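Trainee: Got a structure for you, questions after.
The values are calculated or read from the model by the stated rules, or taken from the named source; none is laboratory data. Note that the coordinates shown come from a computational prediction; the quantities given were computed from them, not determined experimentally. Cβ placement follows ideal geometry from the backbone for every residue including glycine, while neighbour counts extend to all protein chains displayed.
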Amino acid sequence: MAMPGLGRRGGIRPPRYSAAGLVSHGLTHRDWTPMWRRHELEPGYDVVIIGGGVHGLATAYYLAANHGISNVAVLDKGYIGGGGSGRNTAILRSNYLTPEGVRFYERSMDLYRGLAADLNFNVMFARRGHLTLAHNDGSLRTMRWRAEVNKLQGVDSEVIGPDEIKRLVPYMDVSAAARYPVLGALYHPPGGIIRHDAVVWGYARGADARGVHIHQDTEVTGIDVAHGKVTGVRTSRGPVSAPVVLNCTAGWSTLICDMAGVQVPVQTFPLQAAVTEPVRPFLDAVVVSGSLHVYVSQTDRGELVFGASVDPYPSYSMRGSLDFIEGLAGHVLELMPSLARLRLLRQWAGLCDMTPDFSPIMGPTPVDGFLVDIGWGTYGFKAGPVSGEAMAATIAAGKPPPLIAPFGLDRFAEGRLLGEKGAASVGH
Ligand code: PYC
């Protein structure tokens, strides 16, 4: 995969956000500069990125910021962040099961920790501590395994017992009388939550300022390939030529791969979530129970955000179901009976592009110049920054950096699967 000489396009310098700027805008009622601009669709770009979620926008940002490649278009069929990036439960962690996975997600945590300063945009990262509960001996064994792999990679994780869990989450029922008694937990202190929309907007603003064109309402309807090489895309607004096309479309990724004639072992399943009315802060940690198929965290505004496992059938539906909410409510109450009177405000679904080994597919495909950053399953949001950084490096250098080399599409043919199912928040 040889990348052509990729070029730079001039950007603008966005105004720096500061406390003084906030006061001055408040007093003068001056409008804020829009965070990204609208552009005519050019007939050609050096790089076309399909999908305006955190992965696509982060890739565009790092292409421009780290490699000086800014003749880049990000195309989204809807609005930026309207897919998985705006529908996930915004949990960050790096306590995975394989050394490759732990290293990769830990780099993402590093980037997330510095993101507000890097983008000059408050992404509201909150380190909260992340607890994955074990309700049986089998899960406890997996938690110990993960803790050891994590420690070997320098990631802070340890197995703790019910007393320590009760200290961290006083409202949780850790008694032996609980229907699924809590035997212990994998405790990952650096885990936390973030404001997912802000991450999308921050990357969009940073990419736009460096000359990237962000095109919303621009659906890709075809991909042109000649002599085994990608030459461009067709869109609802006309054709665009490009020697490099990157598929960052998560739940829709197989549809885009089909357009290029590339087969990938991915199936799309909905993942549902829900949010309650806001209440006073009482839950600091992020709590996950695989056996009860539920995870819960409390936002800085006081809402509780809940999620579960993916729906048990492939679908492109992004609507919530009664079935899901009934099951979820029952499981939450088994963990925290005192939440019985809390009211749910909203439920929704996002789409997960699941692979057989629960690890992503990143890098080149058999079509020269057509790259993928897909197969995220339920882990996509956590990986946004590192994926962007690594895919930008792949495009700039013409080959994937060592950090993502294990995640290539060729691993399925070569039998080098990277099983991360044991690191899933909940059973799937
Ligand atoms: O892997 O932490 C996770 C997660 C939470 C929600 C979906 N995936």
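Trainee: Looking at segment 25-68, which of the residues that are touching a residue at least 24 places away in the same chain (Cβ under 8 Å) and aromatic (Phe, Trp, Tyr) is farthest from Val123 (Cα to Cα)?
Mentor: Taking the candidates together, the pick is Tyr45.
Trainee: Would you mind finding the one in Leu322, Leu342, Leu418, Leu328 that is outside the structural domain of Cys248 (by TED's automatic domain parsing), more than 28 Å from Gly232 (Cα to Cα) and in contact with a Ser or Thr (Cβ under 6 Å, 6 or more places away or on another chain)?
Mentor: Working: Leu322 fails: in contact with a Ser or Thr (Cβ under 6 Å, 6 or more places away or on another chain); Leu418 fails: outside the structural domain of Cys248 (by TED's automatic domain parsing); Leu328 fails: in contact with a Ser or Thr (Cβ under 6 Å, 6 or more places away or on another chain).
Checking each option against the conditions leaves just Leu342.
Trainee: Could you grab the pairs with beta carbons closer than 7 Å, sequence gap of 6+ or different chains, first residue in segment 85-102 and charged (D, E, K, R), second one outside any strand (DSSP E or B) and more than 10 Å from the ligand (Cβ to nearest atom)?
Mentor: As it stands, the answer is Glu100/Pro406; Glu100/Leu418, since those pairs meet every condition given.
Trainee: Can you tell me which of Gly251, Gly290 is at pLDDT below 95 and either within 14 Å of the ligand (Cβ to nearest atom) or closer than 24 Å to Phe358 by Cβ (or both)? Before the answer, list the steps.
Mentor: On the way: Gly251 fails: at pLDDT below 95.
After ruling out the rest, the residue left standing is Gly290.
Trainee: Sort out for me the strands (runs of 3 or more DSSP E) sitting completely within segment 165-256 that have 1 or more residues that are among the hydroxyl-bearing types (Ser, Thr, Tyr). Break it down stepwise before answering.
Mentor: Values: elements: 184-188, 213-215, 220-226, 229-235, 238-241, 244-247.
Of the strands (runs of 3 or more DSSP E) lying wholly inside segment 165-256, those with at least 1 residues that are among the hydroxyl-bearing types (Ser, Thr, Tyr) span 184-188, 220-226, 229-235, 238-241.
Trainee: Among the listed residues Ala274, Ala260, identify the single one that is at pLDDT 95 or above and either of a type in the set (Lys, Arg) or not assigned by TED's automatic domain parsing to the domain that holds Val372 (or both). Steps first, answer last, please.
Mentor: Numbers: Ala260 fails: either of a type in the set (Lys, Arg) or not assigned by TED's automatic domain parsing to the domain that holds Val372 (or both).
Among Ala274, Ala260, only Ala274 is at pLDDT 95 or above and either of a type in the set (Lys, Arg) or not assigned by TED's automatic domain parsing to the domain that holds Val372 (or both).
Trainee: Does Val275 fit the bill of being aliphatic (A, V, I, L, M) and in contact (Cβ under 8 Å) with a residue 60 or more places away in the chain?
Mentor: Working: aliphatic (A, V, I, L, M): yes; in contact (Cβ under 8 Å) with a residue 60 or more places away in the chain: yes.
Spelling it out, Val275 is indeed aliphatic (A, V, I, L, M) and in contact (Cβ under 8 Å) with a residue 60 or more places away in the chain.
Trainee: Same structure, new question: Could you check segment 305-332 and list, in sequence order, the residues that are within 14 Å of the ligand (Cβ to nearest atom) and either among the small types (Gly, Ala, Ser) or not in a helix (DSSP H, G or I) (or both)?
Mentor: Listed by number, the residues that qualify are Val305, Phe306, Gly307, Ala308, Ser309, Val310, Asp311.
Trainee: A further question follows. Suppose we keep only residues that are among the β-branched types (Val, Ile, Thr) and more than 16 Å from the ligand (Cβ to nearest atom) within segment 60-111. Which one would you say is surrounded by the fewest Cβ atoms within 10 Å (Cβ to Cβ)? Step through it out loud before you land on a result.
Mentor: Going residue by residue through segment 60-111, those that are among the β-branched types (Val, Ile, Thr) are 69, 72, 74, 80, 89, 91, 98, 102.
Checking which are more than 16 Å from the ligand (Cβ to nearest atom) leaves us with 69, 72, 74, 80.
On the way: Ile69: 26, Val72: 31, Val74: 31, Ile80: 24.
Among residues in segment 60-111 that are among the β-branched types (Val, Ile, Thr) and more than 16 Å from the ligand (Cβ to nearest atom), the one surrounded by the fewest Cβ atoms within 10 Å (Cβ to Cβ) is Ile80.
Trainee: Still on this structure: Which condition number does Ala424 fail, the rest of (1) within 16 Å of the ligand (Cβ to nearest atom); (2) over 20 Å from Gln267 (Cβ atoms) being met?
Mentor: Only one criterion is unmet by Ala424, namely (2).
A quick yes/no check of all residues on (1) closer than 22 Å to Thr132 by Cα; (2) in contact with a helix residue (DSSP H, G or I) (Cβ under 6 Å, 6 or more places away or on another chain); (3) touching a residue at least 60 places away in the same chain (Cβ under 8 Å):
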{"site": "Arg319", "(1), (2), (3)": "no, no, no"}
{"site": "Phe324", "(1), (2), (3)": "yes, no, no"}
{"site": "His331", "(1), (2), (3)": "yes, no, no"}
{"site": "Ser338", "(1), (2), (3)": "yes, no, yes"}
{"site": "Arg341", "(1), (2), (3)": "no, no, no"}
{"site": "Leu344", "(1), (2), (3)": "no, no, yes"}
{"site": "Thr355", "(1), (2), (3)": "no, no, yes"}
{"site": "Asp368", "(1), (2), (3)": "no, no, yes"}
{"site": "Leu371", "(1), (2), (3)": "no, no, yes"}
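Condition check ((1) of a type in the set (Lys, Arg); (2) assigned to a loop (DSSP other than H, G, I, E, B); (3) touching a Gly at 6+ places or on another chain (Cβ under 6 Å)) across all residues:
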residue: Asp31; (1), (2), (3): no, yes, no
residue: Gly56; (1), (2), (3): no, no, no
residue: Tyr61; (1), (2), (3): no, no, yes
residue: Ile69; (1), (2), (3): no, yes, no
residue: Asn122; (1), (2), (3): no, yes, no
residue: Gly138; (1), (2), (3): no, no, no
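Trainee: So, of the residues in segment 177-211 that are among the β-branched types (Val, Ile, Thr) and touching a helix residue (DSSP H, G or I) at 6+ places or on another chain (Cβ under 6 Å), which turns out to be nearest to Asn95 (Cα to Cα)?
Mentor: Taking segment 177-211 as the starting set, the residues that turn out to be among the β-branched types (Val, Ile, Thr) are 182, 193-194, 199-200.
Next, only the ones that are touching a helix residue (DSSP H, G or I) at 6+ places or on another chain (Cβ under 6 Å) stay: 182, 199-200.
On the way: Val182: 19, Val199: 21, Val200: 23 Å.
It comes out as Val182.
Trainee: Would you mind telling me which numbered condition in (1) within 16 Å of the ligand (Cβ to nearest atom); (2) touching a Ser or Thr at 6+ places or on another chain (Cβ under 8 Å) Met391 fails?
Mentor: (1)
Trainee: Would you mind stating whether Pro314 is of a type outside the set (S, T, N, Q), closer than 15 Å to Thr355 by Cα, surrounded by fewer than 17 Cβ atoms within 10 Å (Cβ to Cβ) and at pLDDT 95 or above?
Mentor: Details: of a type outside the set (S, T, N, Q): yes; closer than 15 Å to Thr355 by Cα: yes; surrounded by fewer than 17 Cβ atoms within 10 Å (Cβ to Cβ): yes; at pLDDT 95 or above: yes.
Against the criterion (of a type outside the set (S, T, N, Q), closer than 15 Å to Thr355 by Cα, surrounded by fewer than 17 Cβ atoms within 10 Å (Cβ to Cβ) and at pLDDT 95 or above), Pro314 qualifies.
Trainee: Do the conditions hold for Val262, that is, is it part of a strand (DSSP E or B) and over 21 Å from Ser317 (Cα atoms)? Show your work before the answer.
Mentor: Details: part of a strand (DSSP E or B): no; over 21 Å from Ser317 (Cα atoms): yes.
No.
Trainee: Is it true that Val245 is touching a Pro at 6+ places or on another chain (Cβ under 7 Å), in the same structural domain as Val74 (by TED's automatic domain parsing) and within 22 Å of Tyr79 (Cβ to Cβ)? If you could, list the steps in order and put the result at the bottom.
Mentor: Values: touching a Pro at 6+ places or on another chain (Cβ under 7 Å): no; in the same structural domain as Val74 (by TED's automatic domain parsing): yes; within 22 Å of Tyr79 (Cβ to Cβ): yes.
No; evaluated as a whole, the condition is false for this residue.
Trainee: Does Ser236 fit the bill of being away from the ligand (no atom under 15 Å from the Cβ) and over 23 Å from the mean Cα position of the chain (by Cα)?
Mentor: Working: away from the ligand (no atom under 15 Å from the Cβ): yes; over 23 Å from the mean Cα position of the chain (by Cα): yes.
When the stated conditions are applied, Ser236 passes them.
Trainee: Sticking with this one: The conditions are (1) surrounded by fewer than 24 Cβ atoms within 10 Å (Cβ to Cβ); (2) within 16 Å of the ligand (Cβ to nearest atom); (3) of a type in the set (Val, Ile, Thr), and Thr33 fails exactly one of them. Which is it?
Mentor: For Thr33, the exception is condition (2).
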